[in-house]
Amino acid sequence: MTVAKARIAHLSGPTATIQNTPPLVTSNKARSQRGLPLLTDAAGERLRFDALRSQRLALPATVYVEQFSAHPLEADAAELYGPPDGWVGADGVVRDEPSAEGDTPVYAIELRPEDGFYPLPYMAVQADGSAWEEEMAVPLGPASAARQGFFPDGSWSFEEIDRLGIEEGGTASAISSRATVDFYRVAPPAGYSKGLAAAKRTDVGEGDIPAEIRGRHFNAYKPVHLSSVPARPALAKITNDVQAIASSGDYDGLIWTQGSPQVEETAYWMSLLIDTTLPICGNSAQRPQGLISADGPKNIVDSVSFIASGRWADADGRNRCGVVVIEEQQYFAAREVYKSDARPGNYRATGGHGGIIGQTTHTGAIHLTYLPAYKHTYLSEMRTTVLPSTVKAAALVDGSLRFVEVEVKDAEGRITEHAIPSVSIVKEGGYFDEEWDASADDLPVLQAIIEQKLALRRLGGIVTEGLVPYGRLPSKASAALLERAVFSGIPVVGVGRGAPEGFADPTPLVVAGSNLTAIKARLLLMAALMKLGSLPIAKDPTAPTAEERAATISAVRAYQELFDTH
């Protein structure tokens, strides 16, 4: 199935390097005009070139470029070329014919504002007349002195790729030739701190936007001292927005961009929660757009090509690949993908049993080599449309354990912020116990985690990262305390440490996290809690009756079924 011109929704995610740029630094051209200190190299000499940044022309202009100046060997095949548009003489006048020996043949190029971006020197200076040297007007200053290097939505980066990116065949328009794209600020990495109208950016098709707050409405990691990441409740908005966009009927596929360490988490969450037969591609980058060898533009174009190809569809037009993360021409299944280092090409498939679905070859061909066996998107048993409206959560109320009702979905079927569970990861290595006869009383941190889960009056769970691949924690004291947590209603999932290739061992009371990493197991447990609610509560969690034990074991089996199939 080939989509002639794919309709794609781009969804902006937080801390996305793929939607970030190096700082806008005042060029030497501007510094020379204003008598400002020049940018110099290590030897103290003026930098040879200014950085050219994408900018829009305000007026049309005609420029003349020297014939045979696009490549050092153009003139070697001069006989293959047509005539130039004119000749420039020593007097600077352009004529239809050469007037003297040594006149320069030229092409006349009319540049117009509607052409789109042109790479030009950056001419802006600060309000006090000094040059811009970094993103901050004042080093390590307040947010009011900060510029933003991240884009507020994907429209700029996509246009820049489309306009300035060059494909193998020597052409541009890598995106617009394949797709039409709409842009959504689901959880963006940049925002309008004074509102959209004040920013004079009324062309993004969203109407006015009120003033946005860093760390709440948008999240970026630069400037470093102002960095922020979204809180757990942000998953509710992400889930609801993505589900609405995927269900709108307006698109053939979705592209999600996010910071490279977290894209693997959100992609898996979408695989579990989003009810759609459309392809969803996650993209990130290790290098900001515009940096030397930026990897993001190619990743985005590969996602556009993947969606437009229709290779993801089964015989009924449904997505058979699940959510994928496309990086460095490889397609990773959301369940298995993880980032192993901060350089291009360092995403890996964890679990040891596949996970790379296919690739875009160096010639642009799309090949699928593997299809996920686990349930995803429209097959998931935890997709938003089948989650219950309410579930019960174990909580400590007035000194006693009891169930409280948690609203998972509101009357409109949207996930509530309060429904997103609180799940912690507990990790142990060898030689963990402080004493030979360690007991639960020697584990104040783990005790505090359990108490916090019960005090929140919301869904809560624990993932333990222990021995490879078994998932067991080395400490018997920890195991005893976690068993008490299980009989208090808190589900516990065990996984092996790192990126295990073997499968964790199932036990009656602890859910085996198969070959998932602790990070992925946490997300699956969060989704499972929203479907199943907390485990049964024993009257005395330190001494459950046989009936209470049997009820808990039965409830753990339901969790295990989800972990075995997703």
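Among 122, 107, 81, which is closer than 24 Å to residue 27 by Cα and of a type outside the set (S, T, N, Q)?
122
Return the residues of segment 339-365 that are within 23 Å of residue 260 (Cβ to Cβ) and hydrophobic (A, V, I, L, M, F, W, C); say none if nothing qualifies.
If the condition is that a residue be within 23 Å of residue 260 (Cβ to Cβ) and hydrophobic (A, V, I, L, M, F, W, C), then 342, 349, 356, 357 are the ones that fit.
Residues in segment 494-507: is at least one buried (at least 20 other Cβ atoms within 10 Å of the Cβ), assigned to a helix (DSSP H, G or I) and in contact with a helix residue (DSSP H, G or I) (Cβ under 9 Å, 6 or more places away or on another chain)?
No, segment 494-507 has no match at all.
Identify, please: which residue in segment 207-249 is of a type in the set (D, E, K, R) and touching a strand residue (DSSP E or B) at 6+ places or on another chain (Cβ under 8 Å) and is, among those, surrounded by the most Cβ atoms within 10 Å (Cβ to Cβ)?
Once the filter is applied, the top-ranked residue is 222.
What is the residue count in segment 138-173 for residues that are among the polar types (S, T, N, Q), touching a helix residue (DSSP H, G or I) at 6+ places or on another chain (Cβ under 6 Å) and not in a helix (DSSP H, G or I)?
Residues that pass the stated criteria total 1.
Restricting to segment 541-558, name every residue that is open to solvent by 60 Å² or more (accessible area, probe 1.4 Å), β-branched (Val, Ile, Thr) and out of contact with any helix residue (DSSP H, G or I) (no Cβ under 7 Å at 6 or more places or on another chain).
545
Report yes if some residue within segment 318-340 is assigned to a strand (DSSP E or B), touching a strand residue (DSSP E or B) at 6+ places or on another chain (Cβ under 6 Å), open to solvent by 20 Å² or more (accessible area, probe 1.4 Å) and polar (S, T, N, Q); otherwise report no.
The answer is yes, given that some residue of segment 318-340 is assigned to a strand (DSSP E or B), touching a strand residue (DSSP E or B) at 6+ places or on another chain (Cβ under 6 Å), open to solvent by 20 Å² or more (accessible area, probe 1.4 Å) and polar (S, T, N, Q).
Restricted to segment 407-447, and to residues that are among the β-branched types (Val, Ile, Thr) and not in a loop (DSSP other than H, G, I, E, B), which residue is surrounded by the fewest Cβ atoms within 10 Å (Cβ to Cβ)?
445
Are any of the residues in segment 456-475 more than 32 Å from the chain's Cα centre (by Cα) and either over 27 Å from residue 528 (Cα atoms) or open to solvent by less than 20 Å² (accessible area, probe 1.4 Å) (or both)?
Yes, segment 456-475 contains a residue that is more than 32 Å from the chain's Cα centre (by Cα) and either over 27 Å from residue 528 (Cα atoms) or open to solvent by less than 20 Å² (accessible area, probe 1.4 Å) (or both).
For a quick check of your reading: which strands (runs of 3 or more DSSP E) sit entirely within segment 1-73 and have at least 1 residues that are farther than 27 Å from residue 189 by Cα, free of Cβ contacts under 8 Å to residues at least 60 places away in the same chain and polar (S, T, N, Q)?
61-66
For residue 561, are the conditions met, namely being within 18 Å of residue 374 (Cβ to Cβ), open to solvent by 20 Å² or more (accessible area, probe 1.4 Å) and in a loop (DSSP other than H, G, I, E, B)?
No, not satisfied.
For the condition touching an Asp or Glu at 6+ places or on another chain (Cβ under 8 Å), farther than 20 Å from residue 270 by Cα and without any contact (Cβ under 8 Å) to a residue 24 or more places away in the chain, what is the one hit in 390, 369, 363?
Within the list 390, 369, 363, the selection yields 390.
The values are calculated or read from the model by the stated rules, or taken from the named source; none is laboratory data. Computed from a predicted model, the values in this text were never measured in an experiment. All Cβ positions, glycine included, derive from the backbone under ideal geometry; neighbour counts span all protein chains shown. To get the accessible areas, we keep the full protein, side chains included, count just its heavy atoms, and leave off ligands, DNA and RNA. Shrake-Rupley method; radii C 1.70, N 1.55, O 1.52, S 1.80 Å.
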